[in-house]
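The values are calculated or read from the model by the stated rules, or taken from the named source; none is laboratory data. Predicted model only: the values in this text are computed from it and were never measured. Virtual Cβ from ideal backbone geometry, glycine too; neighbours counted across all protein chains shown. Each accessible area value is taken on the protein alone, full model and side chains, heavy atoms only, with ligands, DNA and RNA left out. Shrake-Rupley method; radii C 1.70, N 1.55, O 1.52, S 1.80 Å.
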Amino acid sequence: MQWESAKANPISGLPKEALIYLTFFKPVKQVTWHGKGDYFATTLPEGLNRSVLIHQLSKRRSQVPLNKTKGLVQCVAFHPVRPYLLIATQRHVRVYNLSKLELTKKLQTGAKWISSLAIHPHGDNVLLGTYDKKVQWFDLDLSTQPYQVLRYHANAVRSVAYHLRYPLFASCSDDTSIVVSHGMVYNDYLQNPLIVPVKQLRGHTKYDDFGVMNVIWHPFQPWLFSAGADGYIKLWS
(Lines give C-alpha, C1' and ligand atoms only; values in the text may rest on other atoms or scores of the structure.)
Protein backbone atom coordinates (compact mmCIF):
# COMPACT_ATOMS: atom_id res chain seq x y z
CA MET A 1 0.00 0.00 0.00
CA GLN A 2 1.06 3.61 -0.52
CA TRP A 3 0.68 6.95 1.26
CA GLU A 4 0.20 10.02 -0.96
CA SER A 5 -0.24 13.73 -0.34
CA ALA A 6 -3.50 14.89 -1.89
CA LYS A 7 -2.01 18.34 -2.55
CA ALA A 8 1.22 17.09 -4.10
CA ASN A 9 -0.54 14.45 -6.23
CA PRO A 10 -4.15 15.54 -6.78
CA ILE A 11 -6.45 12.93 -8.31
CA SER A 12 -9.94 13.29 -9.68
CA GLY A 13 -12.79 12.26 -7.43
CA LEU A 14 -11.11 13.22 -4.15
CA PRO A 15 -12.83 15.92 -2.07
CA LYS A 16 -10.89 19.19 -2.04
CA GLU A 17 -10.57 18.95 1.75
CA ALA A 18 -8.58 15.69 1.53
CA LEU A 19 -5.00 15.91 2.83
CA ILE A 20 -3.77 12.33 2.45
CA TYR A 21 -4.96 9.28 0.57
CA LEU A 22 -3.90 5.67 0.93
CA THR A 23 -3.98 3.14 -1.87
CA PHE A 24 -4.59 -0.48 -0.84
CA PHE A 25 -4.04 -3.74 -2.69
CA LYS A 26 -7.47 -5.17 -1.72
CA PRO A 27 -10.91 -3.74 -0.81
CA VAL A 28 -11.07 -2.17 2.67
CA LYS A 29 -14.03 -3.27 4.79
CA GLN A 30 -13.40 -1.30 8.00
CA VAL A 31 -11.43 1.64 9.37
CA THR A 32 -11.19 2.20 13.13
CA TRP A 33 -9.26 4.77 15.17
CA HIS A 34 -7.22 4.29 18.31
CA GLY A 35 -8.49 6.43 21.19
CA LYS A 36 -5.40 8.67 21.19
CA GLY A 37 -5.89 9.58 17.55
CA ASP A 38 -2.49 8.94 15.97
CA TYR A 39 -3.11 5.33 14.99
CA PHE A 40 -5.86 3.69 12.98
CA ALA A 41 -6.41 0.15 11.75
CA THR A 42 -7.91 -1.18 8.54
CA THR A 43 -9.32 -4.60 7.72
CA LEU A 44 -9.03 -6.18 4.29
CA PRO A 45 -10.83 -9.56 4.42
CA GLU A 46 -9.18 -10.65 1.16
CA GLY A 47 -5.71 -9.57 2.29
CA LEU A 48 -4.62 -12.99 3.63
CA ASN A 49 -1.65 -12.43 5.99
CA ARG A 50 -2.06 -8.67 5.50
CA SER A 51 -5.77 -8.61 6.41
CA VAL A 52 -5.08 -6.28 9.34
CA LEU A 53 -2.91 -3.18 8.95
CA ILE A 54 -2.08 -0.54 11.56
CA HIS A 55 -1.24 2.96 10.35
CA GLN A 56 0.50 5.84 12.16
CA LEU A 57 -0.73 9.19 10.91
CA SER A 58 2.09 11.40 12.26
CA LYS A 59 4.81 9.32 10.59
CA ARG A 60 2.73 8.24 7.58
CA ARG A 61 3.70 4.62 7.86
CA SER A 62 1.87 1.31 7.92
CA GLN A 63 2.72 -2.04 9.43
CA VAL A 64 1.41 -5.58 9.61
CA PRO A 65 1.01 -6.36 13.34
CA LEU A 66 0.61 -10.12 12.85
CA ASN A 67 2.35 -12.52 10.51
CA LYS A 68 -0.69 -14.78 10.35
CA THR A 69 -4.40 -14.28 10.94
CA LYS A 70 -6.41 -17.43 11.48
CA GLY A 71 -9.70 -17.20 9.61
CA LEU A 72 -11.41 -14.55 7.50
CA VAL A 73 -11.09 -11.25 9.38
CA GLN A 74 -14.40 -9.41 9.83
CA CYS A 75 -13.49 -6.44 12.04
CA VAL A 76 -10.98 -5.20 14.61
CA ALA A 77 -11.00 -2.84 17.60
CA PHE A 78 -8.35 -1.20 19.76
CA HIS A 79 -8.60 -1.74 23.51
CA PRO A 80 -9.29 1.65 25.16
CA VAL A 81 -6.83 1.16 28.05
CA ARG A 82 -4.29 -1.57 27.27
CA PRO A 83 -2.07 -2.04 24.19
CA TYR A 84 -4.39 -4.74 22.88
CA LEU A 85 -6.00 -5.31 19.50
CA LEU A 86 -9.16 -7.41 19.24
CA ILE A 87 -9.55 -9.24 15.93
CA ALA A 88 -12.85 -10.88 15.03
CA THR A 89 -12.88 -13.60 12.40
CA GLN A 90 -16.00 -15.50 11.33
CA ARG A 91 -16.26 -17.56 14.53
CA HIS A 92 -13.71 -16.30 17.07
CA VAL A 93 -12.35 -13.15 18.67
CA ARG A 94 -8.64 -13.10 19.47
CA VAL A 95 -7.08 -10.54 21.80
CA TYR A 96 -3.49 -9.69 20.87
CA ASN A 97 -0.95 -7.79 22.96
CA LEU A 98 0.66 -5.34 20.51
CA SER A 99 3.57 -4.63 22.86
CA LYS A 100 4.59 -8.28 23.14
CA LEU A 101 3.14 -9.34 19.78
CA GLU A 102 1.47 -12.36 21.33
CA LEU A 103 -2.01 -13.84 21.75
CA THR A 104 -3.51 -12.95 25.13
CA LYS A 105 -6.98 -14.46 24.97
CA LYS A 106 -9.38 -16.22 22.59
CA LEU A 107 -13.14 -15.75 23.02
CA GLN A 108 -15.32 -18.79 22.36
CA THR A 109 -18.37 -17.29 20.65
CA GLY A 110 -20.16 -20.33 19.23
CA ALA A 111 -21.35 -17.97 16.48
CA LYS A 112 -21.74 -19.06 12.89
CA TRP A 113 -20.57 -15.71 11.56
CA ILE A 114 -19.54 -12.58 13.48
CA SER A 115 -20.60 -9.26 11.95
CA SER A 116 -19.48 -6.57 14.40
CA LEU A 117 -17.50 -5.85 17.54
CA ALA A 118 -17.51 -3.15 20.23
CA ILE A 119 -15.49 -2.67 23.42
CA HIS A 120 -16.84 -1.02 26.56
CA PRO A 121 -15.05 2.28 27.39
CA HIS A 122 -13.61 0.71 30.56
CA GLY A 123 -12.19 -2.12 28.47
CA ASP A 124 -13.40 -5.16 30.42
CA ASN A 125 -16.56 -5.98 28.44
CA VAL A 126 -17.12 -6.72 24.77
CA LEU A 127 -20.19 -6.79 22.52
CA LEU A 128 -20.47 -8.99 19.45
CA GLY A 129 -23.11 -8.86 16.73
CA THR A 130 -23.64 -11.98 14.62
CA TYR A 131 -25.36 -12.79 11.36
CA ASP A 132 -27.20 -15.57 13.20
CA LYS A 133 -29.46 -12.94 14.86
CA LYS A 134 -27.66 -12.68 18.21
CA VAL A 135 -25.86 -10.11 20.33
CA GLN A 136 -23.28 -11.54 22.70
CA TRP A 137 -21.91 -9.78 25.79
CA PHE A 138 -18.52 -10.95 27.11
CA ASP A 139 -17.03 -10.08 30.47
CA LEU A 140 -13.29 -10.49 29.82
CA ASP A 141 -12.50 -10.82 33.53
CA LEU A 142 -15.13 -13.50 34.02
CA SER A 143 -14.79 -15.98 31.17
CA THR A 144 -13.93 -16.57 27.53
CA GLN A 145 -17.56 -17.73 27.09
CA PRO A 146 -20.41 -15.21 26.60
CA TYR A 147 -21.73 -13.72 29.83
CA GLN A 148 -25.10 -13.24 28.13
CA VAL A 149 -26.58 -13.98 24.70
CA LEU A 150 -29.29 -11.54 23.66
CA ARG A 151 -31.90 -12.59 21.11
CA TYR A 152 -33.61 -9.28 20.37
CA HIS A 153 -33.61 -9.44 16.57
CA ALA A 154 -35.41 -11.53 13.94
CA ASN A 155 -32.69 -11.18 11.28
CA ALA A 156 -28.94 -10.72 11.01
CA VAL A 157 -27.38 -8.23 13.44
CA ARG A 158 -25.29 -5.74 11.48
CA SER A 159 -23.75 -3.49 14.12
CA VAL A 160 -23.33 -3.05 17.89
CA ALA A 161 -22.13 0.01 19.81
CA TYR A 162 -21.46 1.15 23.38
CA HIS A 163 -21.99 4.74 24.48
CA LEU A 164 -18.77 6.32 25.77
CA ARG A 165 -20.38 8.03 28.80
CA TYR A 166 -23.84 6.62 29.48
CA PRO A 167 -24.61 2.99 30.47
CA LEU A 168 -26.22 2.37 27.09
CA PHE A 169 -25.57 0.11 24.13
CA ALA A 170 -27.36 -0.46 20.85
CA SER A 171 -27.71 -3.08 18.13
CA CYS A 172 -29.25 -2.93 14.67
CA SER A 173 -30.46 -5.59 12.29
CA ASP A 174 -31.77 -6.49 8.87
CA ASP A 175 -35.22 -6.71 10.51
CA THR A 176 -35.05 -2.83 10.32
CA SER A 177 -35.08 -2.51 14.12
CA ILE A 178 -32.64 -0.83 16.49
CA VAL A 179 -32.63 -2.02 20.10
CA VAL A 180 -31.31 0.33 22.78
CA SER A 181 -30.39 -1.36 26.06
CA HIS A 182 -29.20 -0.35 29.50
CA GLY A 183 -25.85 -1.97 30.22
CA MET A 184 -24.46 -1.07 33.63
CA VAL A 185 -20.87 -2.06 34.42
CA TYR A 186 -19.96 -1.76 38.11
CA ASN A 187 -16.63 -0.81 39.68
CA ASP A 188 -17.08 -3.74 42.06
CA TYR A 189 -15.59 -6.71 40.20
CA LEU A 190 -17.75 -9.09 42.22
CA GLN A 191 -20.92 -7.56 40.76
CA ASN A 192 -21.92 -8.74 37.31
CA PRO A 193 -23.03 -6.29 34.60
CA LEU A 194 -26.73 -5.41 34.53
CA ILE A 195 -28.30 -5.70 31.07
CA VAL A 196 -31.89 -4.56 30.40
CA PRO A 197 -33.52 -3.79 27.00
CA VAL A 198 -34.99 -0.28 27.04
CA LYS A 199 -36.40 0.69 23.65
CA GLN A 200 -36.96 -0.68 20.17
CA LEU A 201 -36.62 1.94 17.43
CA ARG A 202 -38.13 1.58 13.98
CA GLY A 203 -37.81 4.10 11.18
CA HIS A 204 -35.84 2.48 8.39
CA THR A 205 -37.23 0.38 5.55
CA LYS A 206 -35.76 -2.67 3.86
CA TYR A 207 -33.83 -2.51 0.61
CA ASP A 208 -32.87 -5.80 -1.12
CA ASP A 209 -33.48 -7.63 2.18
CA PHE A 210 -31.02 -5.37 4.03
CA GLY A 211 -32.15 -3.27 6.97
CA VAL A 212 -30.17 -1.06 9.35
CA MET A 213 -26.48 -1.37 8.49
CA ASN A 214 -24.75 0.60 11.24
CA VAL A 215 -25.28 2.47 14.51
CA ILE A 216 -22.98 4.86 16.36
CA TRP A 217 -23.44 6.97 19.49
CA HIS A 218 -22.72 10.67 19.88
CA PRO A 219 -19.60 10.94 22.11
CA PHE A 220 -21.27 13.22 24.70
CA GLN A 221 -25.04 13.33 24.21
CA PRO A 222 -27.47 10.38 24.54
CA TRP A 223 -28.02 10.54 20.78
CA LEU A 224 -27.81 7.62 18.38
CA PHE A 225 -27.10 7.77 14.64
CA SER A 226 -28.24 4.96 12.36
CA ALA A 227 -27.47 4.24 8.70
CA GLY A 228 -29.92 2.15 6.70
CA ALA A 229 -29.81 0.27 3.41
CA ASP A 230 -32.71 2.56 2.42
CA GLY A 231 -30.16 5.38 1.98
CA TYR A 232 -31.08 7.35 5.10
CA ILE A 233 -28.97 8.37 8.09
CA LYS A 234 -31.19 9.07 11.09
CA LEU A 235 -30.62 10.73 14.47
CA TRP A 236 -32.43 9.35 17.52
CA SER A 237 -32.54 11.31 20.77
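So here's what we get for this one:
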quantity: Considering residues of region 113-157 that are of a type in the set (Gly, Ala, Ser) and farther than 23 Å from residue 200 by Cβ only, the residue farthest from the chain's Cα centre (by Cα); calculated: 143
quantity: Condition met for residue 127 (on the phi < 0 side of the Ramachandran plot, part of a loop (DSSP other than H, G, I, E, B) and touching a residue at least 24 places away in the same chain (Cβ under 8 Å)); calculated: no
quantity: Inter-residue pairs, beta-carbon under 6 Å, first without any contact (Cβ under 8 Å) to a residue 24 or more places away in the chain and in region 48-73, second assigned to a helix (DSSP H, G or I) and not charged (D, E, K, R), 6+ apart; calculated: 68/49
quantity: Set 138, 78: member being modelled with pLDDT of 95 or more, open to solvent by less than 10 Å² (accessible area, probe 1.4 Å) and of a type in the set (Phe, Trp, Tyr); calculated: 138
quantity: Scan of region 187-237 for residues that are aliphatic (A, V, I, L, M), part of a loop (DSSP other than H, G, I, E, B) and surrounded by 13 or more Cβ atoms within 10 Å (Cβ to Cβ), ordered by number; calculated: 229
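Matching residues to (1) of a type in the set (Ser, Thr, Tyr); (2) touching a strand residue (DSSP E or B) at 6+ places or on another chain (Cβ under 6 Å); (3) open to solvent by less than 60 Å² (accessible area, probe 1.4 Å):
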| residue | (1), (2), (3) |
| --- | --- |
| 5 | yes, no, yes |
| 19 | no, no, no |
| 32 | yes, yes, yes |
| 35 | no, no, no |
| 54 | no, yes, yes |
| 57 | no, no, no |
| 65 | no, yes, yes |
